There are 2 protein chains.
Amino acid sequence: MKTISENRCFGGIQGVYTHASEATGTDMTFGLFRPEHPTGAVLWYLSGLTCTHENAMTKAGLQGWAAEAGLTVVFPDTSPRGGGVPDDDAFDMGQGAGFYVDATREPWSKHFGMERYVTADLPETVFAAWDLDETRQGITGHSMGGHGALTLALKHPGRFRAVSAFAPICHPSASEWGRDQLAAYIDQPEAHDATHLLLDGAALPPCLIDTGTDDQFWDKLGTDVFARALARTRSEAALRLQKGYDHSYFFVASFAAAHVAFHAEHLA
Amino acid sequence: MKTISENRCFGGIQGVYTHASEATGTDMTFGLFRPEHPTGAVLWYLSGLTCTHENAMTKAGLQGWAAEAGLTVVFPDTSPRGGGVPDDDAFDMGQGAGFYVDATREPWSKHFGMERYVTADLPETVFAAWDLDETRQGITGHSMGGHGALTLALKHPGRFRAVSAFAPICHPSASEWGRDQLAAYIDQPEAHDATHLLLDGAALPPCLIDTGTDDQFWDKLGTDVFARALARTRSEAALRLQKGYDHSYFFVASFAAAHVAFHAEHLA
């Protein structure tokens, strides 16, 4: 692991690091915020389409709240990058758009092992480098990262004590943001769709979702069918539709305190 | 005035607008945060080298605290921009580096009227468009914007009830960040140097300054001579050297709450 930068931030350190990943066959860059007084609890923040590790760590405003709660926050990248890694002209496919699945189809299968990256390679690096408690992990994310948070929580039972999401893509196999992309990456898109996973019986940890009523991408999120699925499965969840908010980081920052508090409570 | 964007943010609105400015002879873009419950008080936030109106409104994390305090925050651009506006290859000269002075020297004099822009044209537009209280204004800024905040407060007595700054350039006429630039823009750099203005008897409103002890640009800030000037003039001021912090927005965000609270107290 190599340190790219470390900045003092709310009494702790906002770092950026690179490490080699087997899952992607590339070097990967990630951000990690260490509070001054870490409790050992870890919050994973998965970002959305076009983002790198950097967007949320500069714009989501999580660190101040994480510092108060003693949470360590990890900001993974959204895909492998660089020479030799396939890409697509579309912003929602290829680099910057890994959708947190392990691609099995060509040309993506060689590098786009993002589920393994986020759930195996990166945790291995992080837990080796810092003194953190693997039994106290939460996961959150925005948009495509909300899809990642929900599906990884559903697919890795027991791993995360809590899951939350900002404007998540909840039903990607029926969305312009997910249908074609998942079909290009993998054979069974439904197996990486939070609505399908939940209705098929996967266990969801306590869950908090905020989505803006003026989200300009509302039609791509599938909030309605996921809301129905949460109710049908009687899941422990809060889905809050926030009046007038859109899909931007201004929305994420506005509710960052609530999400950090939610995770801190469950990771205490 | 034309609306470029408006996003719901912490219960209020983060807007971006353009308007024609006589002082610059161009259209200018600015950000403005309106809290849900405005008290009428206004905080001006001046940005640093290379920044536009956008950097602070996305990365400084002021809005949540401004929302609580009912402060309206204005984020001006740092220079005129666009075709016909002169520029320089250096990042610290020309577009993105107006230094908040009214240039009188060629080729800058035609467009670089940044002091008039920030103290006349933009206030006129803002106070016409929104119901705000001209008697309750505070000013803050980062780096070159800290220089702007301090010098404009010193040069416009009675206008601002409080002034604060994050890692300000305090003595530009003796700094790599200011000496050559001010000499290129104007005839009397000392007349736009906070240290000189203060020692020459200008009145400083109550003042809060935070600067990081690990600021990578420490040598360009002149914090030591300004500290001495504050003490010599027995000014009502707090200068806090924050251990381990650098010059980044991670530093600014870490102390945003304190600066908003400081202004809110003086603008109550």
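When you scan segment A:170-184, do you find a residue that is out of contact with any Pro (no Cβ under 8 Å at 6 or more places or on another chain) and farther than 28 Å from A:S109 by Cβ, even just one?
Scanning segment A:170-184, I find no residue that is out of contact with any Pro (no Cβ under 8 Å at 6 or more places or on another chain) and farther than 28 Å from A:S109 by Cβ, so the answer is no.
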Listed by first then second residue, the pairs whose first member lies in segment A:157-172 and is touching a residue at least 24 places away in the same chain (Cβ under 8 Å) and surrounded by 23 or more Cβ atoms within 10 Å (Cβ to Cβ), whose partner is in a strand (DSSP E or B) and of a type in the set (D, E), with beta carbons under 6 Å and at least 6 positions apart or on separate chains, are A:F166/A:D210
From the option list B:A229, B:A256, B:A261, single residue qualifying as surrounded by fewer than 20 Cβ atoms within 10 Å (Cβ to Cβ), within 25 Å of B:Q137 (Cα to Cα) and touching a residue at least 12 places away in the same chain (Cβ under 8 Å) is B:A261
Segment B:151-263: strands (runs of 3 or more DSSP E) wholly inside it with 2 or more residues that are more than 14 Å from chain A (Cβ to nearest Cβ) and at pLDDT below 95 are B:237-242
When every residue in segment B:23-34 that is over 22 Å from B:A149 (Cα atoms) and either touching a strand residue (DSSP E or B) at 6+ places or on another chain (Cβ under 7 Å) or polar (S, T, N, Q) (or both) is compared, the one surrounded by the fewest Cβ atoms within 10 Å (Cβ to Cβ) is B:D27
Filtering segment A:59-79 for residues that are touching a strand residue (DSSP E or B) at 6+ places or on another chain (Cβ under 9 Å) and within 11 Å of chain B (Cβ to nearest Cβ) leaves a count of 5
Among the residues of segment B:181-192, is any under 21 Å from B:D87 (Cβ atoms), among the acidic types (D, E) and open to solvent by 10 Å² or more (accessible area, probe 1.4 Å)? no
Within segment A:94-110, of all residues that are out of contact with any Asp or Glu (no Cβ under 6 Å at 6 or more places or on another chain) and open to solvent by less than 20 Å² (accessible area, probe 1.4 Å), the one nearest to A:A153 (Cα to Cα) is A:F99
Of those in segment B:235-253 that are under 21 Å from B:W218 (Cα atoms) and charged (D, E, K, R), the residue most open to solvent (accessible area, probe 1.4 Å) is B:K243
Among residues of segment B:71-100 being touching a Pro at 6+ places or on another chain (Cβ under 9 Å) and among the hydrophobic types (A, V, I, L, M, F, W, C), the residue farthest from B:A184 (Cα to Cα) is B:L71
Those residues of segment A:172-205 which are in contact with an Asp or Glu (Cβ under 6 Å, 6 or more places away or on another chain) and over 19 Å from A:F91 (Cβ atoms) amount to A:S173, A:H196
Here the residues within segment A:1-49 that are more than 14 Å from chain B (Cβ to nearest Cβ), of a type in the set (A, V, I, L, M, F, W, C) and more than 27 Å from A:G94 (Cα to Cα) are A:A41, A:V42
Note: among B:A69, B:A20, just one is among the hydrophobic types (A, V, I, L, M, F, W, C), open to solvent by 10 Å² or more (accessible area, probe 1.4 Å), closer than 20 Å to B:W130 by Cβ and in contact with a helix residue (DSSP H, G or I) (Cβ under 6 Å, 6 or more places away or on another chain), namely B:A69
Scanning segment A:37-57 residue by residue, the ones that are small (G, A, S) and within 13 Å of the chain's Cα centre (by Cα) total 3
(request) Answer yes if at least one residue in segment B:118-126 is without any contact (Cβ under 8 Å) to a residue 40 or more places away in the chain and either assigned to a loop (DSSP other than H, G, I, E, B) or open to solvent by 30 Å² or more (accessible area, probe 1.4 Å) (or both), and no otherwise. (result) yes
When (1) in contact with a Ser or Thr (Cβ under 6 Å, 6 or more places away or on another chain); (2) at pLDDT below 95 are applied to A:P80, the one that fails is (2)
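The values are calculated or read from the model by the stated rules, or taken from the named source; none is laboratory data. None of the values given here were measured: they were computed from a predicted structure. All Cβ positions, even for glycine, are placed from backbone atoms using ideal geometry, and neighbour counts span all protein chains on display. For accessibility, only protein heavy atoms count, side chains too; no ligands or nucleic acids. Shrake-Rupley method; radii C 1.70, N 1.55, O 1.52, S 1.80 Å.
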